[in-house]
């Protein structure tokens, strides 16, 4: 059997983390954190395959976290799906410009979430894309 992919979900809302856990914990090795700062510390010692990131969080917004993540050569290749209550086309475009690989609106639809995770995991790595520049 293939090893489970590791997903890090970052959201300050406990209910949103519970929803993600219900949707994903059977198929993935799911890690849950409530802040971007905690996630940056966690990522110094742990490798993940993908990050699900809320944007509206206290102390460090999702965009601030994404900025820090993309500056770190060891972490810049980790794909990120923004999971946010903001879902306008302008927001999605902005999130992608800031380094997100995809976006998903809350409330989360389990099927769409699964499709987006699988799509991002099958995309050639960001490291490979950066190497080609």
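The values are calculated or read from the model by the stated rules, or taken from the named source; none is laboratory data. If you're wondering where the values come from, they're calculated on a predicted model, not measured in any experiment. Please note: Cβ atoms are built from the backbone with ideal geometry, for glycine as well, and neighbour counts cover all protein chains shown.
Given the criterion modelled with pLDDT of 95 or more and either surrounded by fewer than 16 Cβ atoms within 10 Å (Cβ to Cβ) or closer than 19 Å to residue 43 by Cβ (or both), identify the matching residue among 83, 120.
Numbers: 120 fails: modelled with pLDDT of 95 or more.
Only one candidate passes the filter, namely 83.
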| Test: residue 41 is at pLDDT 95 or above and part of a loop (DSSP other than H, G, I, E, B) | no
| In region 50-90, what count of residues is obtained for those that are within 14 Å of the chain's Cα centre (by Cα) and assigned to a helix (DSSP H, G or I)? | 9
| For residue 43, which of the numbered conditions (1) crowded, with 16+ Cβ neighbours inside 10 Å; (2) touching a residue at least 24 places away in the same chain (Cβ under 8 Å); (3) touching a strand residue (DSSP E or B) at 6+ places or on another chain (Cβ under 8 Å); (4) closer than 19 Å to residue 108 by Cβ fails to hold? | (4)
| task | Being outside any helix (DSSP H, G or I), over 21 Å from residue 59 (Cα atoms) and out of contact with any helix residue (DSSP H, G or I) (no Cβ under 7 Å at 6 or more places or on another chain) is the filter here, so list the residues in region 12-35 that pass it. | result | 25, 26, 27, 28, 29
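Restricting the search to region 50-62, which residues are touching a strand residue (DSSP E or B) at 6+ places or on another chain (Cβ under 9 Å) and surrounded by fewer than 18 Cβ atoms within 10 Å (Cβ to Cβ)?
Residues of region 50-62 touching a strand residue (DSSP E or B) at 6+ places or on another chain (Cβ under 9 Å): 50-57, 62.
Within region 50-62, 56 is the sole residue that qualifies.
Can we say residue 117 is in contact with a strand residue (DSSP E or B) (Cβ under 7 Å, 6 or more places away or on another chain) and more than 19 Å from residue 65 (Cβ to Cβ)? I'd like the intermediate steps shown before the answer.
Working: in contact with a strand residue (DSSP E or B) (Cβ under 7 Å, 6 or more places away or on another chain): yes; more than 19 Å from residue 65 (Cβ to Cβ): no.
So residue 117 fails the test.
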| Unmet criterion (only one of (1) without any contact (Cβ under 8 Å) to a residue 24 or more places away in the chain; (2) closer than 22 Å to residue 16 by Cα) for residue 100 | (1)
| request: Return yes or no: is residue 95 under 15 Å from the mean Cα position of the chain (by Cα), more than 22 Å from residue 25 (Cα to Cα) and assigned to a loop (DSSP other than H, G, I, E, B)? | output: no
| For region 28-40, does any single residue satisfy the condition of being over 15 Å from the mean Cα position of the chain (by Cα) and either within 24 Å of residue 122 (Cβ to Cβ) or surrounded by fewer than 16 Cβ atoms within 10 Å (Cβ to Cβ) (or both)? | no
